[in-house]
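The values are calculated or read from the model by the stated rules, or taken from the named source; none is laboratory data. Small disclaimer: the values here were computed from a predicted structure and weren't measured. All Cβ positions, glycine included, derive from the backbone under ideal geometry; neighbour counts span all protein chains shown. The accessibility values were calculated without ligands, DNA or RNA, using every heavy atom of the protein model including side chains. Shrake-Rupley method; radii C 1.70, N 1.55, O 1.52, S 1.80 Å.
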Amino acid sequence: MMEAQSYTTRRSSNPRLETSVDIPSTPTGEVRYGTTNNIFASISTTSFISPTILTALIIASWYFSNIGVLLLNKYLLSFHGYKYPIFLTMLHMISCTFYSLIAIRWFQIVPFQQISSRKQFLKILALSAIFCFSVVCGNTSLRYLPVSFNQAIGATTPFFTAIFAFLITCKKESAEVYLALMPVVFGIVLASNSEPLFHLFGFLMCVGSTAGRALKSVVQGLLLTSDSEKLHSMNLLLYMAPMAAMILLPFSLYVEGNVLSKTVEKARSDSFMALLLIGNATVAYLVNLTNFLVTKHTSALTLQVLGNAKAAVAAVVSVLIFKNPVTVMGISGFAVTVMGVVLYSEAKRRLKVTAH
């Protein structure tokens, strides 16, 4: 949930399954946020911890939350018998609403921004609908695909972003950028052909999630263009999360039945299930909070680089935990895809430097 009118994504950061939002490409430190009295600013200026250690802790928290929510989603949906991805996503949205209110109104991590007009409200509602589609598809895909393959598909976000940017805004990239996207697609073809646990429906859901995330990034840059409409990523999450929950509720009841009573019944018979759901929803919000903190204490480019590495780390960790089979060809395809994403990011960076 915002990049300053840029059409690149954070797969980088990815956040696809992480219920995450886009972070604005802004300078770091006091230049961006000024001198505030919020709790995070006071922590960063205290003398008992060095800025380097603080930044390292924030980055570690970002990795933990991003990978953690993926693994928790996978465990709940595939191994713990909780087969309600739409309702699970709605719980994430309710959690994000609750924690966002506390973080912004109580801890004041960013200044609170109000919706200024009905037109802006409708634009945010449209983004919420796209966001719902992306996250539900991503969580649904985890029922059928291993996290490692899921992350490989998610790494193709730049490819879909370039397509939607061209179709919607007629924005053309340089030849270097388009060439960098070729290994992204080629790598996922290799990985798909050699994936032992390939599932067509899960694959389509994961592609839909990736495309939805890319579409949201492009549409967001198109809709929230004027200075009066721009919202900080954390404020946008505050408004999008409850809208998304309201959108998901009727779909959950229609597709998944009386899911609330089923969830309560499962929680009563299995106390660990209740802890899992609460922890899962909390970590889903921490993904967004740590995304913001990493950008605040480093830069959007650093977040993008960390995101490229995160996909590989998440894949390795998931294989170690869930023991899903992998092949040499699958690993090679994933590596080619990640390499393509790195080349794409570098090509975009050089393009920005040349433009300035």
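Every condition in (1) under 20 Å from P85 (Cβ atoms); (2) among the hydroxyl-bearing types (S, T, Y); (3) part of a helix (DSSP H, G or I) holds for T161 except the one numbered (1). Here V136, V177 are screened, and the one residue that is part of a helix (DSSP H, G or I), surrounded by 14 or more Cβ atoms within 10 Å (Cβ to Cβ) and in contact with a Ser or Thr (Cβ under 6 Å, 6 or more places away or on another chain) is V136. Tallying residues that are surrounded by fewer than 23 Cβ atoms within 10 Å (Cβ to Cβ), among the small types (G, A, S) and not in a loop (DSSP other than H, G, I, E, B) within the stretch 222-242 yields 1.
Once the stretch 243-262 is narrowed to residues that are surrounded by fewer than 17 Cβ atoms within 10 Å (Cβ to Cβ) and among the small types (G, A, S), the residue that is farthest from the chain's Cα centre (by Cα) is S261. Residues in the stretch 91-105: is at least one over 16 Å from the mean Cα position of the chain (by Cα), at pLDDT 90 or above and outside any helix (DSSP H, G or I)? No; the residues of the stretch 91-105 include none that is over 16 Å from the mean Cα position of the chain (by Cα), at pLDDT 90 or above and outside any helix (DSSP H, G or I).
In the set (1) under 24 Å from A315 (Cβ atoms); (2) within 14 Å of the chain's Cα centre (by Cα); (3) at pLDDT 95 or above, T156 fails one condition alone, (3). Residue count for the stretch 310-341 satisfying the condition of being part of a helix (DSSP H, G or I) and either acidic (D, E) or open to solvent by less than 70 Å² (accessible area, probe 1.4 Å) (or both): 20.
Considering only residues that are among the hydrophobic types (A, V, I, L, M, F, W, C) and in contact with a Cys (Cβ under 8 Å, 6 or more places away or on another chain), which ones fall in the stretch 131-147? C137, L145, listed by residue number.
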